[in-house]
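Engineer: My questions all concern the structure below.
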Amino acid sequence: MPSETLLARITDYASRPNPYPLYAELREAGPVVQQADGSYLVGTYHEIASLLHDPRMSADPRSRGEVTHKPPFLRLDDPEHHRLRTLAMRPFGPPHNPGRVDAMRGEIDRITKELMESFEAGRQIDVVDDFAYPLPVTVICRLLGVPHEDEPLFRAWSDALVAAADVRPEQDTTETDKAGDQARIEMGGYLVNLAEQRRGKPSDDMLSAFINEPDPALRLTQEELAETAVLLLIAGHETTVNLITNGVLTLLRQPEHLDQLRRDPDLLPRAVEELLRYEPPVHIRERIPLADIDVAGTPIAQGTPVVLVLASGNRDPRRFHDPERFDPTRPDNEHLGFGSGIHVCYGAPLARIEAQAALGALLPHLGTARLVQDPPPYRQNAMLRGPRHLPIQL
Amino acid sequence: MPGDLEDGRIVIVGASLAGLRAAEALREEGFTGSLTVVGDEPHPPYDRPPLSKQVLLGQATADTTGLPMRRDPDAEWRLGVRATGVDPLAKQVLLDDGESLPYDRLLITTGTRARPWPNQDEGALDGVFTLRTCEDGAALAERLAAGPERVLVIGGGFTGSEIASACRERGLEVTVAERGPAPLVGALGGTLGKLAAAMQRNHGVDLRTGVTVTALRGNGSFTGADLSDGSRVEADVCVVALGAIRNVEWLAESGLAAGPRGIACDAGCRAFDMYGIVTDDVFAAGDVSRFPHPLFGYQMLSLEHWGNAVEQAEVAAHNMVSPGPLRRPHLAIPTFWSTQFGLNIKSVGVPTYSDHVVIAQGSLEARRLAMVYGYQGRVTAAVTVDMAKSLDYYRHLIETAAPFPPPPGAADRAIAADIAVPSDVPDPSGLSHGPTVALTGYLPDRRLTVVQPTR
């Protein structure tokens with residue numbers, strides 16, 4: 001089949017359980033492969049890394065002429081991106097709050113234990129619904145200051161927003177876009193309202209910190225607060241669910257590595273890095289050149305969408321030795337699981353701790369567990385890829 | 001033949017970063033013979049960058065900066081012993097304890113030492129410091145923790161600026177005396193030097209430029225210094241940050257091409273002898289070496305950079321155990337970093353190898369920018385201030401000899417991006433401290449031809 005339709009084939013739901021042969025085909029076809037709709041696919045590690053570091057590559061959908069509201073900082077360019085990201089980072093990470101994420105280890109372990117209380121041998125559980133989804137949601141809710149009982153409320157918004165963020169070439173996305181916009185507005189309104197309730201009555205959460213910022217130069221506008229809070233809430237759990245679920249799936253498919261980790265749990269941090277390379281939650285990001293550029297000899301005109309297949313770069317044999325092999329002891333594992341460049345995932349430290357805690361706690365149960373369904377049913381999304389359910393027999 | 005190279009006796013003189021990394025790499029490359037590492041300091045290899053930052057801030061102690069070993073190099077460590085010479089004919093390294101170490105191949109990684117205050121008596125006053133070793137770091141940190149009235153830093157290079165930054169962060173009064181027109185000007189040129197000067201003054205540093213210190217005053221203890229403009233600085237601590245001297249004196253009788261600018265070697269780290277003939281059993285790496293780099297006109301470069309020590313040591317180790325056709329050149333693009341006054345400064349390429357600069361992204365006002373350096377119409381270096389994630393892009397431009405000024409398109413492109421201004425790289429002899437990159441050929445801004453970029 002011609003490589004001009006690779007993106008359509010990757011995003012086809014039938015490819016969801018295993019897109020990796022298509023990624024191999026993409027790398028075979030060259031570092032830069034033009035698609036039938038004029039956009040370009042990039043699937044080789046070095047080209048992706050270099051584009052992620054190129055200041056001429058825009059993350060803003062408005063750069064390809066799309067008329068839309070001002071996006072959250074994940075899809076803005078510097079200097080605006082830098083300002084908002086820095087402000088959003090203040091209550092979360094260094095230099096202002098260097099110990100914030102690390103201090104959550106104990107709480108994350110507690111939440112993990114609570115979720116596992118009902119796990120007993122012989123029982124069938126759904127790794128997604130019973131464990132991998134509630135854990136990061138509980139954590140991000142506590143971090144942001146969102147009441148956990150509102151979870152069903154924002155789950156629907158979140159689903160709509162994530163659906164709208166997918167890539168679907170040659171499909172009419174008017175309806176999903178509309179639903180996404182609606183969800184964004186409602187969710188933003190809800191979060192701003194929550195923050196407002198804490199004005200003057202700060203508690204130890206990020207919404208409080210945002211709304212009670214004493215320095216007017218560092219204050220987010222109401223729109224910025226809405227966009228940022230929505231982004232953090234969604235990015236804070238949509239991806240970690242997939243990381244944990246993909247981890248369980250990978251280990252149950254490869255019992256020798258499960259055994260290895262059970263014998264040597266100190267390997268867990270490296271195993272999580274390897275998961276981020278081998279089965280990353282984020283497969284695809286889009287960028288738009290702000291000038292005519294040249295990528296590995298291919299000229300790309302300003303404004304043409306460039307689709308970076310991060311998960312393909314993670315399996316590029318020109319960068320990683322024996323890339324199709326899951327190796328929890330892999331040295332030199334500079335994967336693209338968290339992206340790279342100015343938009344590199346700023347929740348990465350939290351995701352790492354959550355995944356290490358979750359897999360570490362599950363390990364003792366997985367020795368005798370088996371997959372009920374392989375491959376499991378996947379979510380629709382090709383950009384944020386992961387199982388919708390993962391039933392296992394304990 | 002490779003079998004021979006993987007056996008035998010290798011001696012490494014210099015037990016700091018380059019020496020350690022070379023020792024590890026030799027084992028990594030399959031060397032099974034005897035390995036001896038000689039170091040004149042009594043400590044196992046330790047990291048120096050934290051000494052002017054975390055250690056002075058009291059966030060770490062000087063004895064905790066030991067370098068992690070990536071693998072046990074299975075070496076005999078001769079620490080606290082100084083090498084005094086090399087007998088190239090007998091293939092022996094002479095030690096100050098009278099012993100001599102036979103070698104089949106020798107690697108020299110003796111690095112640099114702090115340039116002392118030229119007047120020995122004044123330099124011996126209590127309260128006068130240099131900063132190079134962990135003892136220096138510990139002693140200075142202790143003195144800063146005791147809360148001196150004022151610290152005088154002589155020299156506004158990277159070390160001097162980082163010390164001044166640490167002092168201000170601790171709330172100490174500090175004066176910086178710099179002979180050039182601005183701090184960091186020797187390494188980064190005049191435009192970024194202006195930003196550095198503004199940052200220092202904004203952070204309350206009493207910055208004196210265009211002056212030299214003519215005398216250190218004190219009776220047993222340092223009390224102040226006289227400056228060339230006739231003024232006087234009252235201070236109770238003085239840090240002499242006048243750059244570094246390469247540790248080559250012990251090689252004076254060796255017949256190697258070793259001088260104040262370092263040991264000349266080829267791109268594969270093999271040392272030259274004094275006749276310019278390359279040796280095949282003596283190698284050099286790290287701060288003490290100088291080597292030709294094709295991207296910078298094949299000038300001999302001496303780099304006092306952490307990354308260069310690591311990369312060059314690895315190349316040297318590889319070449320020491322590889323037959324000729326499998327040897328590799330050391331062509332890494334120089335990089336270095338500094339943190340001071342809340343700024344993260346990173347550099348790629350050789351900023352002093354330039355005639356013009358542009359601000360390609362950000363601005364001086366925003367204190368966040370990417371400055372790109374060009375020489376005769378091509379990009380040769382870039383320095384970012386709080387914008388390090390763009391550095392890889394500029395590294396690529398340097399590697400591919402991209403035209404200068406760099407192409408437009410960056411979202412945060414500065415208005416000044418199209419206006420190339422002279423890079424204002426000073427003659428190194430006009431600086432009070434050594435620049436961290438020594439171009440040992442001609443000064444590139446003394447250009448003989450002027451090439452105007454076509455776009």
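The values are calculated or read from the model by the stated rules, or taken from the named source; none is laboratory data. It should be emphasised that the depicted structure is a prediction, and the values quoted were computed from it without experimental measurement. A quick note on method: Cβ atoms are made from the backbone with ideal geometry, for glycine too, and the neighbour counts reach across all protein chains shown.
Engineer: Among the numbered conditions (1) in contact (Cβ under 8 Å) with a residue 24 or more places away in the chain; (2) away from chain A (no Cβ under 14 Å), tell me where B:Asn344 comes up short.
Structural biologist: (2)
Engineer: Go through region B:156-199 and count every residue that is over 28 Å from B:His356 (Cβ atoms), out of contact with any strand residue (DSSP E or B) (no Cβ under 7 Å at 6 or more places or on another chain) and of a type in the set (A, V, I, L, M).
Structural biologist: 1
Engineer: Being within 29 Å of the chain's Cα centre (by Cα) and assigned to a strand (DSSP E or B) is the filter here, so list the residues in region B:215-236 that pass it.
Structural biologist: Residues of region B:215-236 that are within 29 Å of the chain's Cα centre (by Cα), as a first pass: B:215-216, B:222, B:224-228, B:233, B:235-236.
Listed by number, the residues that qualify are B:Ala215, B:Leu216, B:Phe222, B:Gly224, B:Ala225, B:Asp226, B:Leu227, B:Val233.
Engineer: Right, here's the next one. Does region A:111-130 contain any residue that is among the hydroxyl-bearing types (Ser, Thr, Tyr) and surrounded by fewer than 16 Cβ atoms within 10 Å (Cβ to Cβ)? Steps first, please.
Structural biologist: We begin by selecting, within region A:111-130, every residue among the hydroxyl-bearing types (Ser, Thr, Tyr); these are A:112, A:118.
Retained after the next criterion (residues that are surrounded by fewer than 16 Cβ atoms within 10 Å (Cβ to Cβ)): A:118.
Scanning region A:111-130, I find at least one residue that is among the hydroxyl-bearing types (Ser, Thr, Tyr) and surrounded by fewer than 16 Cβ atoms within 10 Å (Cβ to Cβ), so the answer is yes.
Engineer: What number of residues within region A:75-95 satisfy the criterion of being closer than 30 Å to A:Glu286 by Cβ, of a type outside the set (A, V, I, L, M, F, W, C), within 14 Å of another protein chain (Cβ to nearest Cβ) and assigned to a loop (DSSP other than H, G, I, E, B)?
Structural biologist: 4
Engineer: crowded, with 17+ Cβ neighbours inside 10 Å, more than 14 Å from every other protein chain (Cβ to nearest Cβ) and of a type in the set (Val, Ile, Thr): does that describe A:Ile10? Let's see the steps before the verdict.
Structural biologist: Values: crowded, with 17+ Cβ neighbours inside 10 Å: yes; more than 14 Å from every other protein chain (Cβ to nearest Cβ): yes; of a type in the set (Val, Ile, Thr): yes.
Taking the combined requirement at face value, the residue satisfies it.
Engineer: Okay, moving on. Please go through region B:369-379 and pick out each residue that is among the β-branched types (Val, Ile, Thr) and either touching a Lys or Arg at 6+ places or on another chain (Cβ under 6 Å) or away from chain A (no Cβ under 13 Å) (or both). Full working, then the answer.
Structural biologist: Step one: of region B:369-379, the residues among the β-branched types (Val, Ile, Thr) are B:372, B:379.
Listed by number, the list holds a single entry, B:Val379.
Residue-wise test of (1) more than 16 Å from B:Gly111 (Cα to Cα); (2) in contact (Cβ under 8 Å) with a residue 40 or more places away in the chain; (3) among the acidic types (Asp, Glu).
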site: B:Ala15; (1), (2), (3): no, yes, no
site: B:Ala18; (1), (2), (3): no, yes, no
site: B:Leu26; (1), (2), (3): yes, yes, no
site: B:Pro42; (1), (2), (3): no, no, no
site: B:Thr61; (1), (2), (3): yes, yes, no
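Engineer: Do we find a residue being within 25 Å of B:Gly434 (Cα to Cα), more than 16 Å from the chain's Cα centre (by Cα) and in contact (Cβ under 8 Å) with a residue 24 or more places away in the chain anywhere in region B:306-320?
Structural biologist: Filtering region B:306-320 for residues within 25 Å of B:Gly434 (Cα to Cα) gives B:306-313.
Narrowing further to those that are more than 16 Å from the chain's Cα centre (by Cα): none.
There is no residue in region B:306-320 that is within 25 Å of B:Gly434 (Cα to Cα), more than 16 Å from the chain's Cα centre (by Cα) and in contact (Cβ under 8 Å) with a residue 24 or more places away in the chain.
Engineer: Still on this structure, please answer the following. Quick test of your reading of the structure: A:Leu232 fulfils all but one of (1) assigned to a helix (DSSP H, G or I); (2) surrounded by 16 or more Cβ atoms within 10 Å (Cβ to Cβ); (3) at pLDDT 90 or above. Name the failing condition by number.
Structural biologist: If we test A:Leu232 against (1) assigned to a helix (DSSP H, G or I); (2) surrounded by 16 or more Cβ atoms within 10 Å (Cβ to Cβ); (3) at pLDDT 90 or above, just (3) comes out false.
Engineer: Give all pairs with beta carbons closer than 6 Å in which a residue from region B:114-134 that is within 25 Å of B:Val248 (Cβ to Cβ) and at pLDDT 95 or above meets a residue that is among the polar types (S, T, N, Q) and not in a helix (DSSP H, G or I); count only pairs at least 6 apart in sequence or on separate chains.
Structural biologist: Pairs found: B:Ala114/B:Thr130.
Engineer: Residues to consider are A:Arg325, A:Arg287, A:Arg318; find the one that is in a strand (DSSP E or B), at pLDDT 95 or above and out of contact with any Gly (no Cβ under 9 Å at 6 or more places or on another chain).
Structural biologist: Details: A:Arg325 fails: in a strand (DSSP E or B); A:Arg318 fails: in a strand (DSSP E or B).
Result of the check over A:Arg325, A:Arg287, A:Arg318: A:Arg287.
Engineer: Can you name every residue in region A:48-58 that is more than 9 Å from every other protein chain (Cβ to nearest Cβ) and in contact with a helix residue (DSSP H, G or I) (Cβ under 8 Å, 6 or more places away or on another chain)? If you could, list the steps in order and put the result at the bottom.
Structural biologist: Of all residues in region A:48-58, those more than 9 Å from every other protein chain (Cβ to nearest Cβ) come to A:48, A:51.
Within region A:48-58, just A:Ile48 meets the criteria.
Engineer: Okay, next question. Condition first: outside any helix (DSSP H, G or I) and under 22 Å from the mean Cα position of the chain (by Cα). Now tell me which residues in region A:250-271 satisfy that. Walk me through how you get there before you give the answer.
Structural biologist: Pass one, region A:250-271, residues outside any helix (DSSP H, G or I): A:254, A:264.
Answer for region A:250-271, where residues must be outside any helix (DSSP H, G or I) and under 22 Å from the mean Cα position of the chain (by Cα): there is none.
Engineer: Here's a follow-up. Within region B:390-420, restricting attention to residues that are at pLDDT below 90 and exposed (fewer than 15 other Cβ atoms within 10 Å of the Cβ), which residue is nearest to the other protein chains (Cβ to nearest Cβ)?
Structural biologist: Across region B:390-420, the extreme among qualifying residues is B:Pro408.
Engineer: Can you work out which of the residues in region B:349-368 that are crowded, with 24+ Cβ neighbours inside 10 Å and within 12 Å of chain A (Cβ to nearest Cβ) is nearest to B:Asp206 (Cα to Cα)?
Structural biologist: Across region B:349-368, the extreme among qualifying residues is B:Gly362.
Engineer: Select from region A:319-359 the residues that are crowded, with 18+ Cβ neighbours inside 10 Å and on the phi > 0 side of the Ramachandran plot and write down the one among them that is farthest from the other protein chains (Cβ to nearest Cβ).
Structural biologist: Here the residue is A:Gly339.
Engineer: Continuing with the same structure: Among A:Leu251, A:Leu243, which is aliphatic (A, V, I, L, M), closer than 30 Å to A:Gln35 by Cα and out of contact with any strand residue (DSSP E or B) (no Cβ under 8 Å at 6 or more places or on another chain)?
Structural biologist: Working: A:Leu251 fails: closer than 30 Å to A:Gln35 by Cα.
Testing whether each residue is aliphatic (A, V, I, L, M), closer than 30 Å to A:Gln35 by Cα and out of contact with any strand residue (DSSP E or B) (no Cβ under 8 Å at 6 or more places or on another chain) leaves just A:Leu243.
Engineer: Which is more than 30 Å from A:Phe154 (Cα to Cα) and touching a Leu at 6+ places or on another chain (Cβ under 8 Å), of A:Ala217, A:Ala229, A:Ala271, A:Ala235?
Structural biologist: On the way: A:Ala217 fails: touching a Leu at 6+ places or on another chain (Cβ under 8 Å); A:Ala229 fails: more than 30 Å from A:Phe154 (Cα to Cα); A:Ala235 fails: more than 30 Å from A:Phe154 (Cα to Cα).
Every option except A:Ala271 fails the conditions.
Engineer: Determine whether region B:237-251 contains at least one residue that is farther than 30 Å from B:Gly19 by Cα and either assigned to a strand (DSSP E or B) or among the hydrophobic types (A, V, I, L, M, F, W, C) (or both). Quick ask: steps written out before the conclusion?
Structural biologist: So in region B:237-251, the residues farther than 30 Å from B:Gly19 by Cα come out as B:237-238.
Checking the rest, the ones that are also either assigned to a strand (DSSP E or B) or among the hydrophobic types (A, V, I, L, M, F, W, C) (or both) come to B:237-238.
Within region B:237-251, one or more residues are farther than 30 Å from B:Gly19 by Cα and either assigned to a strand (DSSP E or B) or among the hydrophobic types (A, V, I, L, M, F, W, C) (or both).
Engineer: Next question. Taking the condition in contact with an Asp or Glu (Cβ under 8 Å, 6 or more places away or on another chain) and either away from chain B (no Cβ under 14 Å) or part of a helix (DSSP H, G or I) (or both), does A:Leu41 pass? Step through it out loud before you land on a result.
Structural biologist: Numbers: in contact with an Asp or Glu (Cβ under 8 Å, 6 or more places away or on another chain): no; either away from chain B (no Cβ under 14 Å) or part of a helix (DSSP H, G or I) (or both): yes.
Against the criterion (in contact with an Asp or Glu (Cβ under 8 Å, 6 or more places away or on another chain) and either away from chain B (no Cβ under 14 Å) or part of a helix (DSSP H, G or I) (or both)), A:Leu41 does not qualify.
Engineer: Assuming B:Asp287 fulfils every condition listed in (1) in contact (Cβ under 8 Å) with a residue 60 or more places away in the chain; (2) outside any helix (DSSP H, G or I); (3) closer than 30 Å to B:Tyr103 by Cα apart from one, which condition is it?
Structural biologist: Only one criterion is unmet by B:Asp287, namely (2).
Engineer: In region A:23-39, how many are crowded, with 21+ Cβ neighbours inside 10 Å and within 17 Å of A:Ala382 (Cα to Cα)?
Structural biologist: Result for region A:23-39: 2.
Engineer: In region B:156-184, which residues are aliphatic (A, V, I, L, M) and surrounded by fewer than 22 Cβ atoms within 10 Å (Cβ to Cβ)?
Structural biologist: Here is the first cut: in region B:156-184, the ones aliphatic (A, V, I, L, M) are B:163-164, B:166, B:172, B:174, B:176-177, B:182, B:184.
Across region B:156-184, the qualifying residue is only B:Leu172.
Engineer: Given the criterion under 20 Å from the mean Cα position of the chain (by Cα), assigned to a loop (DSSP other than H, G, I, E, B), within 14 Å of another protein chain (Cβ to nearest Cβ) and closer than 22 Å to B:Lys389 by Cβ, identify the matching residue among A:Pro71, A:Pro98. I'd like the intermediate steps shown before the answer.
Structural biologist: On the way: A:Pro98 fails: under 20 Å from the mean Cα position of the chain (by Cα).
Every option except A:Pro71 fails the conditions.
Engineer: Of the residues that make up region B:18-27, is at least one closer than 26 Å to B:Gly268 by Cβ, modelled with pLDDT of 95 or more and not in a helix (DSSP H, G or I)?
Structural biologist: Step one: of region B:18-27, the residues closer than 26 Å to B:Gly268 by Cβ are B:18-27.
Okay, now just the ones that are also modelled with pLDDT of 95 or more, so B:18-27.
Imposing the further condition that a residue be not in a helix (DSSP H, G or I) reduces the set to none.
No, because not a single residue in region B:18-27 is closer than 26 Å to B:Gly268 by Cβ, modelled with pLDDT of 95 or more and not in a helix (DSSP H, G or I).
Engineer: Any residue in region A:325-348 that's within 12 Å of A:Pro281 (Cβ to Cβ) and free of Cβ contacts under 8 Å to residues at least 60 places away in the same chain: show its pairings with residues that are part of a helix (DSSP H, G or I) and charged (D, E, K, R) at Cβ separation under 8 Å, as long as the two are six or more apart or on different chains.
Structural biologist: Final answer for the pair search is none.
Table: residues versus (1) more than 30 Å from A:Glu196 (Cβ to Cβ); (2) surrounded by fewer than 16 Cβ atoms within 10 Å (Cβ to Cβ).
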| residue | (1), (2) |
| --- | --- |
| A:Asp215 | no, yes |
| A:Glu223 | no, yes |
| A:Ala226 | no, no |
| A:Pro269 | yes, yes |
| A:His283 | yes, no |
| A:Ala296 | yes, yes |
| A:Ala301 | yes, yes |
| A:Pro317 | yes, yes |
